[in-house]
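Nothing in this text is a laboratory measurement; each read-out follows from the coordinates by a stated rule. Computed from a predicted model, the values in this text were never measured in an experiment. Here the Cβ positions follow ideal geometry from the backbone for every residue, glycine too, while neighbour counts run over all protein chains shown.
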Amino acid sequence: MFTTDGTIGSTEYSQNHQECIDETADSLGLSAQGFMQSLKKDRDKQAIESNIKSIQGIADHASLAPAECLWTTEASGSVKLRIDETCLQEPVTLHQMFKASVERYGDLWALATRKHGAWEKITFSEYYRCCRTAARSFLKIVMDVLTSCTQLGLERFHSVAILGFNSAEWFFSAVGAIFAGGIMTGIYATNSPEACHYIASDCEANVIVVENRRQLDKILQVKGRMPHLKAIIQYSEPTDMSLPNLYSWEEFMALGEDIPEKDLDDVINSQKANQCCVLIYTSGTTGKPKGVMLSHDNITWTAFQASRMGDMQPGDVRQEAVVSYLPLSHIAAQIYDLWTGIQWGELVYFAQPDALKGSLVSTLKEVHPTSHMGVPRVWEKMMEKIKEGITHLGYVKKKLVMWAMSVSLEAQQRGISKSEERPFLLNMVDSLVLEKLRTELGFSGCQKFFSGAAPLASETLAFFLGLDIRLYEAYGMSESSGPHFMSGPNAYRLSSCGKVIPGCKFKLDKEDADGNGEVCLWGRNIFMGYLNMEDKTREALDEEGWLHSGDLGKADEDGFLYITGRMKELIITAGGENIPPVPIEDAVKKEIPIISNAMLIGDRRKFLSMLLTLKCICNAETMEPMDEMSVEAVECCRQLGSQALRVSDIIGGKDKVVYRLIQEGIDRVNSRATSNAQCIQKWTVLPRDFSVSGGELGPTMKLRRPVVLELYRREIEAFYTE
């Protein structure tokens with residue numbers, strides 16, 4: 001079955017249920033009967049057995065396309081699969097995964113959309129039918145007769161690009177595109193027209209699905225430069241213009257009514273697990289965005305294994321409820337909301353488009369999710385909301401809350417395990433105080449809290465531990481189909497991103513004396529390659545198929561990973577000292593509570609300097625940072641005796657009290673530096689906070705360092721010329 005290099009070869013194979021159990025039992029040194037008894041005792045192994053059963057009857061179609069290499073840069077290419085001997089999962093396509101889930105969860109609610117003040121829900125069976133309807137319509141779309149091309153429908157391995165906020169139509173378009181033999185490609189809703197053009201052209205999109213008129217206008221500006229584009233579909237709001245091959249959602253879904261179901265089945269059955277079905281575009285912070293090619297197996301394998309690590313429950317055991325609000329063009333949200341939702345029969349509620357502008361908590365309060373994922377900035381915003389509420393409490397209540405949070409933080413820092421009995425005092429303050437605070441965030445019934453896309457600041461971790469909430473960090477990349485390491489109820493260590501997902505491997509390349517090395521990844525989740533970028537693919541993957549992440553990390557004796565920096569972000573001073581900026585930046589934000597963002601400067605410079613921004617209020621509509629400071633920042637100023645209300649009251653040294661606070665905080669950070677080269681010599685407060693709209697932050701709120709260096713070049717040069 002397996003080749004000598006640990007990959008699955010191109011020979012077609014299938015196994016029935018009993019053969020799979022027998023082979024697994026042999027590999028574990030057990031009889032088949034003994035193996036089955038052990039499965040009954042272990043819920044995780046029951047999940048594996050259930051997965052084997054779900055594959056029975058469809059495994060004959062799980063053949064692989066011929067492949068000679070672990071990577072490809074062609075959309076129509078196929079790859080060998082990396083496989084670990086401990087992994088039992090048969091390679092399956094997304095359709096096979098969905099079909100198995102429909103058989104198991106068909107009558108359960110799958111998707112919920114708020115319309116006219118109420119939640120409208122559809123079952124998994126209805127969800128599947130809607131995806132098939134969309135797929136048939138993708139096959140039917142006709143090119144404008146005024147063009148020279150006569151090709152009908154979505155072409156194999158061409159893309160359907162989706163531009164808009166999360167919705168049921170987003171899901172139908174994504175899954176339907178794959179069913180129809182295409183490749184699903186998400187585009188960030190915040191992208192400019194030119195950025196949309198780059199992605200749609202690079203992936204040769206035949207169809208672009210847009211949310212509304214605002215997104216449609218972006219595409220219309222660049223439509224003339226996209227020769228592969230055949231149709232545009234608008235899924236929210238009625239279309240208010242008449243253009244060739246512009247369809248409303250209702251018109252689109254009716255297009256394929258005359259396409260026989262058998263024709264669609266023929267396309268579906270021709271798909272192979274080691275072929276591309278999803279493109280994830282990187283944010284392009286260090287160059288042009290790269291199209292990360294993910295195979296059916298990348299998605300189906302990761303959706304199964306990663307969610308097991310996170311203790312997600314099957315829908316027919318205890319249905320998970322989640323809220324979809326993070327950009328689905330990012331791998332973290334896509335795996336968590338879309339693919340894991342199908343795999344485990346979750347009920348996905350779609351948040352309102354203004355979720356990140358303030359309505360998210362209202363949605364959480366209404367639907368009571370059992371599991372929630374956020375990027376660090378989302379958790380920081382929630383932290384700020386609770387802190388703001390605490391400042392308005394009376395003296396006695398404020399003291400009570402702070403005491404209760406200190407009790408929880410101390411207990412959690414001692415490392416209470418899941419099986420350990422919780423202290424009486426913690427249970428008391430939780431029921432009297434902390435439970436009410438969690439309810440204010442919409443987490444009254446939430447049991448699992450995940451964070452991804454970027455490292456969490458220690459202040460944020462500690463704050464939520466004070467609410468009796470453990471934030472389970474994950475580590476991975478688009479190139480690893482999302483998580484490669486995960487924390488969870490059974491694998492948690494403070495400030496760690498958890499342990500490697502079963503079936504995956506890792507190593508630290510070129511470790512230094514402190515155990516830090518480049519994190520390298522290997523497993524079934526590793527991407528196929530970058531679309532049309534052979535040089536970049538060869539840079540990322542070595543000859544043995546290891547993915548070089550570019551991140552620096554260290555592992556403890558139990559295999560927990562700690563990310564310590566990024567190689568491309570590593571500052572190398574003029575004196576040759578290597579300095580990871582993130583720990584110093586986090587230390588500054590922890591010491592100075594009014595600081596929102598901090599960016600360390602000093603690459604090839606004689607000393608370190610820092611750009612700082614203050615916490616402020618954002619415009620509710622545009623999310624642009626305003627001059628008015630946040631309630632927390634104003635409260636901090638009041639405690640110092642400062643009357644500042646705006647950022648402009650402070651910058652340029654206008655407020656000596658606040659500037660003294662900042663300098664004292666930086667002095668404390670410097671006092672803990674391992675060498676003089678790691679001390680911050682100069683700093684300045686910028687007139688506005690970093691933001692997505694300003695370009696300093698990417699769509700997932702990651703700091704775009706090259707952009708910041710360019711935008712604030714004058715301020716940086718002033719550090720070294722004065």
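Under 5 Å between amide hydrogens, built in the peptide plane, is the criterion, and for Asp551 it picks out Val519, Met567 among residues at least 5 positions away or on other chains. Binning the alpha carbon pair distances of region 253-387 at 5 angstrom intervals from zero yields the distribution 2, 8, 14, 16, 16, 17, 13, 8, 4, 1, 1, 0, expressed in whole percent. In whole percents, the pair-distance distribution calculated for region 225-312 from its alpha-carbon pairs, binned every 10 Å from zero, is 12, 21, 36, 26, 5.
The magnitude of the dipole of the chain, with charges of +1 and -1 set on the Cβ of Lys/Arg and Asp/Glu and taken from the Cα centre, is near 1940 debye.
Neighbour counting of Cβ atoms within 10 Å sorts the residues Trp546, Trp522, fewest neighbours leading, into Trp546, Trp522.
Once the Cα atoms are used to define both axes, helix 193-202 deviates from the longest principal axis of the chain by about 40 degrees. Set the Cα radius of gyration of region 623-664 against 2.2 N^0.38 Å, with N its number of residues, and you get 1.11. Taking 18 Å as the cut-off, the amide N atoms of region 118-143 that come nearer than this to a point 7 Å along the Cα-to-beta-carbon line of Gln352 belong to 118-120.
On the basis of the beta-carbon distance and an R0 of 41 Å, Leu220 and Cys69 show a calculated FRET efficiency of 0.55. Each Lys or Arg adds one and each Asp or Glu subtracts one; over the other residues with Cβ under 15 Å from the Cβ of Phe443, this totals +1. Could you compute the FRET efficiency for Lys398 and Ser76, with r as their C-beta to C-beta distance and R0 at 35 Å, rounded to 0.05? With a Förster radius of 35 Å, E is 0.05. Rounded to the nearest 20, the Cβ-based charge dipole of region 104-324 about its Cα centre (Lys and Arg +1, Asp and Glu -1) stands at 480 debye.
Each semi-axis of the equivalent ellipsoid for region 104-324 is √(5λ) with λ an eigenvalue of the Cα gyration tensor; in descending order they amount to 27, 21, 19 Å. Axis angle, to the nearest 10 degrees, between helix 376-391 and the longest C-alpha principal axis of the chain: 50 degrees. Listed values for region 629-634 are Karplus-derived 3J(HN,Hα) couplings in whole Hz (6.51 cos²θ - 1.76 cosθ + 1.60, θ = phi - 60°), namely 6, 5, 4, 4, 5, 5, and x replaces Gly and Pro. Looking at the square roots a ≥ b ≥ c of the eigenvalues of the Cα gyration tensor of region 646-719, which shape do they give, rounded for a/c under 1.5, prolate if a/b is larger than b/c, or oblate? It comes out oblate by the Cα gyration axes. Here r is the Cβ-Cβ distance between Arg114 and Gln413 and R0 is 41 Å; the resulting FRET efficiency, rounded to 0.05, is 0.55.
Among beta bridges identified by DSSP and lying wholly in the chain, the antiparallel ones come to about 60 percent.
Pairs over the 20 Å Cα-Cα cut-off, from the set Lys99/Lys505; Lys365/Lys448; Lys115/Lys385; Lys381/Lys702: Lys99/Lys505; Lys115/Lys385. Against the chain, whose longest principal axis comes from its Cα atoms, helix 296-309 is set at around 50 degrees.
Model label points for Met623 and Arg660, set 7 angstrom from Cα along the Cα-to-Cβ axis, are 3.9 nm apart. Show log10 I(q)/I(0) for region 322-388 at q = 0.11, 0.13, 0.14, 0.25 Å⁻¹, two decimals, from a solvent-free Debye sum over equal Cα scatterers. The calculated log intensity ratios at q = 0.11, 0.13, 0.14, 0.25 Å⁻¹ are -0.25, -0.35, -0.41, -1.22. Using θ = phi - 60° in the Karplus curve 6.51 cos²θ - 1.76 cosθ + 1.60, the 3J(HN,Hα) couplings for region 256-272 round to x, 4, 9, 7, x, 4, 5, 4, 5, 4, 4, 5, 4, 6, 7, 7, 10 Hz; x is entered for Gly and Pro. Taking amide H atoms as placed 1.01 Å from N in the peptide plane, the amide H of Val692 lies under 5 Å from those of Leu697, each 5 or more residues away in sequence or on another chain. Its alpha carbons considered, region 324-440 gives a radius of gyration followed by a Dmax of 16.9, 49 Å. Close amide-amide hydrogen proximity is noted between Cys618 and Met626, each under 5 Å apart and 5 or more residues distant or on a separate chain (H modeled in the peptide plane; Pro and chain starts excluded).
Shape summary of the chain, radius of gyration then Dmax from alpha carbon positions: 26.1, 78 Å. Shown in residue order for region 156-168 are the 3J(HN,Hα) couplings computed by the Karplus curve 6.51 cos²θ - 1.76 cosθ + 1.60 at θ = phi - 60°: 4, 6, 8, 9, 10, 8, 10, 10, x, 7, 3, 6, 4 Hz (x for Gly and Pro).
For a straight C-alpha distance cut-off of 17 angstrom, the aspartates and glutamates reachable from Lys230 (same-chain residues fewer than eight places away being disregarded) are Asp144, Glu155, Asp202, Glu204, Asp217, Glu251.
One chain, two ends: Glu511 and Arg422. Fully extended at 0.36 nm per residue, the span grows by 28.2 nm beyond their Cα-Cα distance. Projected label points at Glu155 and Glu85, each 7 Å from Cα along the beta carbon direction, are separated by 4.6 nanometres.
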